[in-house]
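Take a look at the structure below.
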Amino acid sequence: MRVEKASGEGLHVGTADRCVADGIEAFNSGRYEEALKFAMRCDTEMERAELQKEISARAVENARRKIVDATAEGIKADAAETVVKRAEGLLAKGKYPEALTAAIATGDILHEIRENFDSARIAFSAVREQMERLKKVNIDTSECNDILEKAHEQLAAQSFDEFRETIALCATKSSALFEASIGALVTETEALISRANSMGINTKACEDLLEIAQTSFSEKLWDFAYQQAQDCRSKCGELIDRKIDGLALEANARLRALGDLGAGVNAIRKEIAEARAHAGSDDHLKAFETLMAIDQKISLIEDSNREYMDTSIAAESAIENLRSLGGNVKEAERLLALADLEKEKDYESAIELLTEAMDTAQTEMESFAPEIEVSIETEGLQEGQRGDVVIVLRNTGRAAARSLRVDLSGEFEVVDVSELPLLESGKEGRVTARIVPKHKGELSVAAVVSSKRPFGSATDTCELEATLRVFAPGPPFKISRAADVTKCQLCQGKIKTGFDIVSCRCGGDLHLMCAKRAQNCPVCGQKFEF
């Protein structure tokens with residue numbers, strides 16, 4: 001009855017049916033032990049057939065459920081659907097082993113599809129992440145976006161082979177873009193370091209970072225290379241900004257000092273603002289060049305200001321000296337005032353006005369210069385004997401002369417010469433020179449008189465050339481009675497024979513009374529002492 005029931009349920013019980021027939025035949029033939037064996041074998045066959053049906057049914061059911069789940073996940077499983085339908089058909093026909101094999105094949109197909117999906121999604125995510133990194137550094141990824149979209153469509157269509165080719169192309173393209181971007185960043189950073197060096201900045205720290213970036217780049221550690229290159233660029237930019245800020249602050253400090261002195265610096269302050277604007281727009285080179293030019297301009301202004309101040313002091317001193325002398329300072333002061341206004345616009349013109357003011361004052365002061373007239377008096381010099389030469393100095397100028405000095409030269413030895421500290425205008429002074437003539441007769445003498453003006457260090461000189469009469473050694477005069485008629489050198493009267501006379505060593509004769517009255521020879525100036 002069990003065999004009949006199983007057969008009615010569609011089980012393949014051919015072996016069990018034969019065992020039943022053989023068992024009945026053995027029983028009817030009295031082979032009871034053999035009949036029992038057939039009965040037991042029939043029972044085993046029945047259990048095997050039922051188990052085979054159950055396993056096949058479960059396998060086909062699981063295969064169908066997997067297809068439903070895959071469909072819900074968006075996986076197209078047409079090939080698997082075909083196989084599972086064939087498994088269901090085999091199961092219905094009672095071909096359990098074939099149905100089981102088909103159900104297992106369905107699972108393999110789905111597993112392969114899932115593995116393809118998983119690896120494709122991983123590859124897709126990796127490329128998409130790489131593109132996101134490109135976007136963060138402002139790289140144009142439009143071409144890669146198109147390729148990635150195509151790959152997405154192929155993935156959705158489960159065209160895995162085509163997808164792999166497309167996603168590999170996209171990965172290669174994005175890698176090339178990334179590599180080019182890092183290379184450009186490294187090149188840009190190298191240029192920035194070179195620019196910083198040209199500005200006199202110590203870039204050792206930046207160069208170390210760049211070396212790390214270049215090494216990482218060569219080893220294709222692009223993320224790390226990009227980070228190091230960015231850090232290097234930021235560091236270098238900070239150093240350049242700090243340098244530019246320092247230069248701008250220094251320039252402003254120098255301008256403040258010049259402004260306090262009255263210099264015109266507003267135009268340069270505008271240029272400093274322009275340099276800061278260039279730095280703010282990352283045009284560091286233009287900012288640096290502007291500040292270097294500003295530095296030169298400030299140096300020129302400082303030099304011009306020093307020259308202006310020196311010239312101004314000299315001009316004011318000249319004007320003050322002229323004023324103290326009672327001179328007219330109106331024109332010089334007018335030029336001084338114009339110079340003070342002009343320096344706001346043009347130092348050179350202002351200095352020219354100051355120079356003109358000083359020249360005007362000095363020209364006016366020239367009229368207050370001393371003028372020295374020189375004459376020489378002697379008292380009968382004797383050969384080889386010390387004698388005095390008196391240099392008479394007369395100041396006919398409008399200003400006093402100070403530190404007067406007389407230098408004598410000729411055929412005599414100068415023992416000493418006195419000095420005259422000051423000779424007022426309109427006054428006369430005397431300087432005595434003690435000399436020793438080298439021979440008698442007419443001696444030429446040259447006198448050079450030097451003096452200084454009341455103000456300044458200018459020295460004025462004048463010269464005189466004269467002739468000195470030198471006598472032979474002996475008494476300067478003698479008193480006697482006239483042996484012959486002669487003429488008095490003083491009164492020009494006749495000296496009669498027997499009159500008391502004074503005979504000077506120069507050869508001149510005088511009445512004794514005339515000599516006592518004159519006290520010196522009118523011819524040579526010899527003094528008479530009675």
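The values are calculated or read from the model by the stated rules, or taken from the named source; none is laboratory data. Just so it is clear, the model here is predicted, and its values are computed rather than measured. Glycine gets a Cβ as well: all are built from the backbone with ideal geometry, and neighbour counts include every protein chain shown.
The listed residues are ALA277, ALA251, ALA273, ALA257, and the only one of them that is surrounded by 20 or more Cβ atoms within 10 Å (Cβ to Cβ) and small (Gly, Ala, Ser) turns out to be ALA251.
Scanning the stretch 470-490 for residues that are part of a strand (DSSP E or B) and buried (at least 17 other Cβ atoms within 10 Å of the Cβ), we see that the one that is nearest to the chain's Cα centre (by Cα) is VAL470. For beta carbons closer than 8 Å, sequence separation of 6+ or different chains, a first residue in the stretch 69-94 that is basic (Lys, Arg) and a second that is surrounded by 14 or more Cβ atoms within 10 Å (Cβ to Cβ) and assigned to a helix (DSSP H, G or I), the qualifying pairs are ARG86/ALA102.
Restricted to the stretch 419-441, and to residues there that are touching a Phe, Trp or Tyr at 6+ places or on another chain (Cβ under 8 Å) and assigned to a strand (DSSP E or B), the residue that is nearest to GLU366 (Cα to Cα) is ILE435. Select from the stretch 154-187 the residues that are without any contact (Cβ under 8 Å) to a residue 12 or more places away in the chain, in a helix (DSSP H, G or I) and hydroxyl-bearing (Ser, Thr, Tyr) and write down the one among them that is farthest from LEU209 (Cα to Cα). The selected residue is THR172. For VAL502, the conditions (1) among the hydrophobic types (A, V, I, L, M, F, W, C); (2) in a strand (DSSP E or B); (3) free of Cβ contacts under 8 Å to residues at least 24 places away in the same chain are fulfilled apart from (3). For VAL502, the stated conditions do not hold, so it cannot be described as surrounded by fewer than 17 Cβ atoms within 10 Å (Cβ to Cβ), β-branched (Val, Ile, Thr) and out of contact with any Ser or Thr (no Cβ under 6 Å at 6 or more places or on another chain).
Evaluate the stretch 392-399: report whether one residue or more is on the phi < 0 side of the Ramachandran plot, among the polar types (S, T, N, Q), crowded, with 20+ Cβ neighbours inside 10 Å and in contact with a strand residue (DSSP E or B) (Cβ under 9 Å, 6 or more places away or on another chain). Yes, the conditions are met somewhere in the stretch 392-399. Restricting to the stretch 151-197, and then to whatever is of a type in the set (Phe, Trp, Tyr) and more than 45 Å from the chain's Cα centre (by Cα), can you tell me which residue is nearest to ASP283 (Cα to Cα)? The qualifying residue nearest to ASP283 (Cα to Cα) is PHE163.
Does ILE244 satisfy being touching a helix residue (DSSP H, G or I) at 6+ places or on another chain (Cβ under 6 Å), more than 22 Å from GLU352 (Cα to Cα), assigned by TED's automatic domain parsing to the domain that holds ALA361 and modelled with pLDDT of 85 or more? No; evaluated as a whole, the condition is false for this residue.
Can you tell me which residue within the stretch 335-351, out of those that are in contact (Cβ under 8 Å) with a residue 12 or more places away in the chain and of a type in the set (D, E, K, R), is surrounded by the fewest Cβ atoms within 10 Å (Cβ to Cβ)? Can you show your working first?
Let us first name the residues in the stretch 335-351 that are in contact (Cβ under 8 Å) with a residue 12 or more places away in the chain, namely 335-336, 338-340, 343-345, 347-348, 350-351.
Checking the rest, the ones that are also of a type in the set (D, E, K, R) come to 340, 343-345, 348.
Details: ASP340: 14, LYS343: 24, GLU344: 13, LYS345: 10, GLU348: 12.
Applying the filter and picking the extreme gives LYS345.
Taken together, the residues in the stretch 173-218 that are touching a Cys at 6+ places or on another chain (Cβ under 7 Å) and closer than 14 Å to CYS232 by Cβ amount to 9. In this structure, does TYR308 turn out to be in contact with a Ser or Thr (Cβ under 7 Å, 6 or more places away or on another chain) and under 15 Å from LEU258 (Cβ atoms)? Criteria not met by TYR308.
Tell me whether the stretch 202-221 contains one or more residues that are under 17 Å from the mean Cα position of the chain (by Cα), under 30 Å from ARG133 (Cβ atoms) and touching a residue at least 12 places away in the same chain (Cβ under 8 Å). Walk me through how you get there before you give the answer.
Residues of the stretch 202-221 that are under 17 Å from the mean Cα position of the chain (by Cα), as a first pass: 202-203.
Checking which are under 30 Å from ARG133 (Cβ atoms) leaves us with 203.
From what's left, touching a residue at least 12 places away in the same chain (Cβ under 8 Å): 203.
Within the stretch 202-221 (the criterion being under 17 Å from the mean Cα position of the chain (by Cα), under 30 Å from ARG133 (Cβ atoms) and touching a residue at least 12 places away in the same chain (Cβ under 8 Å)), the answer is yes, since at least one residue qualifies.
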